[in-house]
Each structure stands twice: as structure tokens, then as C-alpha cells.
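*Asks:* Shown below is the structure under consideration.
Here, each number is a calculation from the coordinates, and none is a lab measurement. The structure presented is a predicted model; accordingly, all values stated were derived computationally and were not measured. Don't worry about glycine lacking a Cβ; one is built from the backbone with ideal geometry, like all the others, and counts go over all protein chains shown.
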């Protein structure tokens, strides 16, 4: 079966409107992934409808905040907490914010530095 | 006015040996809210990818979970094969399919046993796990391992099956299918199991979509999504339709898993009949550069694998979104309104794997 599997860069200004559009069109959020960049993070939000999957790619600076999508997709809270706790991504207003206490880890933001 | 109280549940519970803790907010004996707490077994396996050779990391990916071990290795290898444009030989794709379906039978039978145990139906628990032993024996016969058997590699598989072995597998599946029948009847037709499962933890299709449910949990709410239809391994050459139920309750989730065991036997028979001759792996040269998201259907539901590679032998980022990560939020939704006594059973019906989730 041929199914879409795309990664689409998106600006912060267009991000939340697009997430809301996905919700209105019946897409489900399937994964959220943070990856480290030299001066910030790449955040990938994947949405699926049927067998098609589209990933929105936000690039943010280290100290830049990103809005939580839990207001739109409440089920995203675990993955947003994980990105915040392991990488130090500043996610604003998570519904169900664990404040870096999701995992019992020995040191803060262990995935922030390479190696 | 009902009295409100908070009851701690887990991380060690007689019915649920998974390390999840819930603060259950009760009004009398009815759950009105549930606040989860995980993180007891976080191992940081994703980060190890930065310091391990990308080919060696297959063995770590397989150790994310004891039940979904083969699938995790498969998902990781498929992602790298996409990035490196590796064409996996057809025979290897069929062998992967056979082991993947055996893993599904293993996982679902294990879950059925746990469900029976949670209901206090000990003989049914023993029958389910007795049947599961045959699958573990087949893993042993085909790979030399019973739980984690490390047969995936980037470019194919490490072990082959000869004609006699394939015939033995099909014969065992036929035998198991007959033995599954009375077990399935006990789960689906027995008055007691029905009264414990019917109407418990109803998840509507809308809730399932909004909260991100996957796998048997999603299909039990009537949504026909099964990542095997994407056609990875040899699934694009086999007859396969997602198994669904419409009730969205615990009984429906049990029914879907039981029917999926029969479906897996059928897929194994199809794959054994159609498997082509040829090599089982191709050599992989060079280092990966690029990124890719792969989806596969693990026994517990859709899993997503992401790799971002930089052209060296060390990968920048490996990400695994497990089925349980997606199924915890809808589970919390389902807990609201249920009786305290039903909480362990209801949690079990999502087939949680917290070790997978924490990686």
C-alpha cells in the first residue's frame, strides 16, 4: 500500500493553527520526537489519518519555548513531558505537566548533551 | 454526598506486575480520576545509539522488551534499510514475517493468561501459557533462543529455515489452532468471563482517535487500522484484513486479540507456502546518512521508529514510540467511572508494557 510519510518544516506561527486543522480533519497524533541540534532542537510531531502520516518539523533555539499541543490532543502529555525532561525542551502549559518528574533519572536533561 | 478519597495503586500489584503507579481519586468506590506515575525502570536505551556502532545497536533495540523483542529489531533494521537504500532479499522478508507473527501469537497468549489470572481463572491461565510454550519451543528450534533471539540484521536475517522446519511450523500452528478453540470459548462464551469484561472500559471510536489509541485497543473500537497493511516485510504479498470489533469494551479487546491469534496462524501458513528460495541477507556497506520514520504493527499496536544518521557509524538519534505510550492516555480516560475492583482488569486490557514505554 502506498501511504504518505512526509516530514514538513513549519514555522512557529503556523504550527498551532496546523495542529488544530489536523484535529478538525480527524488526524490523530502518533508521535512526538525531540532531537538535539548544535544550538537548539528539532521537534517532530507526526500525525496520521488512515495510513497516511505527516510529520511537522519545528526547529527551535535552546531557550525558545514551544506551545503544548495537549490543549488540542490531550493524549500527547506523556511525549511532551519526555521531551522536556530528557532534552530540556521548554514546553509551555502541558495539561498534565510532571515538572521533570516523569522519569526517575539520576541527572537532569540527560539527552541534552551528546555522548 | 459521596466521600472522596485517593487510593495508591502499584507499582507492584498482585494482578499487575508492571511498574506503573496510579493515584486513583475515588468517590466511594467509583474512580473519578487517575493520575499516572511511571519512570521506575527508565534505562536510556535510546541514548546508547550515540556510542554504539549502528550495526551492533540492533542487539540493544531487541532488548527494549522481552515480548516485542523481534519487532523492535525489525523496526530498527527497516528504518536503516530505508535510509541506506538496502533491498532486503524476498526470502528474508518472508522469514521476518513468520517470526513476527509467531511473536504476535506469543504475546497474545501471554496476555490471555494474564487476563485469566486477573479474573482468578487459574486453570484458564495455565491452559493459555501451556499453549504459549509451543511458540517458545518453535523460537528455540528456529533460532536457538526462546525470548530474545537476535535474528534480524540490517540487510536481512541471520538464520534460515529449511523445508522440514517450515513444515513443522505449519503443523504446530494447525495443532495449536485446534487447542486454541476451547480456550477461546472459555474467554468468549463463559458466563463469568463475559460478566467481568462486557461493558467494562468502553472506548468510543472518537475517544480512541482523539486520545491516540493503537493496536487491538483501536481496532476493538471499530477502527480498521493495522500497520501491517503498509506492506512492510512480506505483508504486501499476503491476504490480510484488520480484525475489528465495534463494542469498544474489554470483551471486544479480548475478542480482537483471540481472533488475531488465528489470523497469525493463517499468515504463517500463507508465508510458509509462498516463501521464495534465495539469499537471506545482503551485505551492507558504508554508513547511514539521513532520517526516516518507520511504522510497524507490534502485537500491542503500532510502533514508530525514527533514526537520524550523520554518515558516521554512530547515529545521532534513535526514537521509539511504543504502543503502550499511546495507549496510556486512553486508558486513563477509560478508568473514569469504573469501580475500584475493576481497575486491575481494565488496565490489563490495554496489554501494557511499561518497560517498553520507558526504554
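*Asks:* Between residue B:239 and residue A:92, how many nm apart are label points set 7 Å from Cα along the C-beta direction?
*Replies:* Placing both labels 7 Å beyond Cα along the Cβ direction yields 5.6 nm.
*Asks:* How far, in degrees from 0 to 90, does helix B:122-143 lean away from the longest principal axis of the Cα atoms of chain B, to the nearest 10?
*Replies:* With both axes taken from Cα atoms, the answer is about 10 degrees.
*Asks:* Still on this structure, please answer the following. From a point 7 Å beyond the Cα of residue B:310 in the direction of its Cβ, which residues of region A:8-49 have a backbone N at a distance under 14 Å?
*Replies:* Residues A:35-42 qualify, since their backbone N sits under 14 Å from the label point.
*Asks:* Ranked highest first by the average count of other Cβ atoms within 10 Å around their residues, in what order do B:94-101, B:248-255 fall?
*Replies:* Per-residue mean Cβ counts within 10 Å order the peptides as B:94-101, B:248-255.
*Asks:* Okay, moving on. Taking the Cα atoms only, what angle lies between the long axis of helix A:77-87 and the longest principal axis of chain A, rounded to 10 degrees?
*Replies:* 40 degrees
*Asks:* Oh, and also: With just the Cα atoms defining each centre, how far is region A:74-112 from region B:207-282? Give it in Å.
*Replies:* Cα centroid to Cα centroid, the span is 32 Å.
*Asks:* Compare the peptides B:206-212, B:159-165, B:17-23 by average per-residue count of other Cβ atoms within 10 angstrom and give them in order, highest first.
*Replies:* Going by the mean number of other Cβ atoms within 10 Å, highest first, we get B:206-212, B:17-23, B:159-165.
*Asks:* Hey, rough spin-label estimate for residue A:4 and residue B:336, points 7 angstrom out along Cα→Cβ, what's it come to in nanometres?
*Replies:* Roughly 3.1 nm, to one decimal.
*Asks:* For residue B:289 and residue A:101, what does the FRET efficiency come to when R0 = 25 Å and r is the distance between their Cβ atoms, rounded to the nearest 0.05?
*Replies:* 0.10
*Asks:* As a test of the definition: which semi-axes, in Å, follow for region B:88-174 when you take the square root of five times each eigenvalue of its alpha carbon gyration tensor? Largest first, please.
*Replies:* Three semi-axes, in Å: 28, 13, 10.
*Asks:* Distance in nm between label sites at residue B:35 and residue A:49, each 7 Å beyond Cα in the beta-carbon direction?
*Replies:* For residue B:35 paired with residue A:49, the spin-label model returns 3.7 nm.
*Asks:* Right, another one. Using the Cα gyration tensor of the protein assembly as shown, with a ≥ b ≥ c the square roots of its eigenvalues, what is the shape: rounded (a/c below 1.5), prolate (a/b larger than b/c) or oblate (neither)?
*Replies:* Note, shape of the protein assembly as shown comes out oblate.
*Asks:* Going 7 Å from the Cα of residue B:282 in the Cα-to-Cβ direction, what parts of region B:77-100 have a backbone nitrogen less than 18 Å from that spot?
*Replies:* Answer for region B:77-100: B:77-97.
*Asks:* Here is a follow-up. Can you tell me how much longer the chain between residue B:266 and residue B:181 gets when fully stretched, taken as 0.36 nm per residue apart minus their C-alpha distance, in nm with one decimal?
*Replies:* 29.1 nm
*Asks:* Starting from the eigenvalues of the Cα gyration tensor, five times each then square-rooted, give me the equivalent ellipsoid semi-axes of region B:290-355, largest first, whole Å.
*Replies:* 34, 10, 9
*Asks:* Right, something else. Need the full-extension length gain, residue A:64 to residue A:14, defined as separation in residues times 0.36 nm minus the C-alpha distance. One decimal, nm.
*Replies:* Gain in length upon complete extension: 16.4 nm.
*Asks:* Give the Rg (one decimal place) followed by the Dmax (whole number) of region B:1-71, computed from C-alpha coordinates and expressed in Å.
*Replies:* When restricted to Cα atoms, region B:1-71 yields Rg and Dmax of 18.5, 62 Å.
*Asks:* Taking every eigenvalue of the Cα gyration tensor of region B:117-260, multiplying by 5 and rooting it, what semi-axes result, largest first, whole Å?
*Replies:* Here the semi-axes work out to 30, 23, 13 Å.
*Asks:* If you count, for every residue in A:71-79, the Cβ atoms of partner chains within 10 Å of its Cβ, what is the mean?
*Replies:* 6
*Asks:* Follow-up question, since we're still on this one. What does the structure give for B:312-318 when I average, per residue, the other chain Cβ atoms found within 10 Å of the residue Cβ?
*Replies:* Mean partner shielding for this stretch: 2.
*Asks:* Would you please give the FRET efficiency between residue B:273 and residue B:3, computed as 1/(1 + (r/R0)^6) with r the Cβ-Cβ distance and R0 = 56 Å, to the nearest 0.05?
*Replies:* It comes to 0.35.
*Asks:* Computed over the Cα atoms, what is the radius of gyration of chain A divided by 2.2 N^0.38 Å, N being its residue count?
*Replies:* In units of the 2.2 N^0.38 Å rule of thumb, it is 1.06.
*Asks:* Once you have the Kirkwood Rh of region B:183-333 from its Cα pairs, apply Stokes-Einstein at 10 °C and 1.306 mPa s and quote D in µm²/s.
*Replies:* Roughly 90 µm²/s, to the nearest whole number.
*Asks:* Right, here's the next one. Rounded to two decimals, what is the ratio between the C-alpha radius of gyration of region B:40-358 and 2.2 N^0.38 Å?
*Replies:* 0.98
*Asks:* How shielded is A:1-10 by partner chains, expressed as the average number of their Cβ atoms within 10 Å of its Cβ atoms?
*Replies:* Across A:1-10, the average partner-chain Cβ count within 10 Å equals 2.
*Asks:* Output the 0 to 90 degree angle, nearest 10, between the alpha-carbon long axis of helix B:323-335 and the longest principal axis computed from the alpha carbons of chain B.
*Replies:* Approximately 10 degrees, to the nearest 10.
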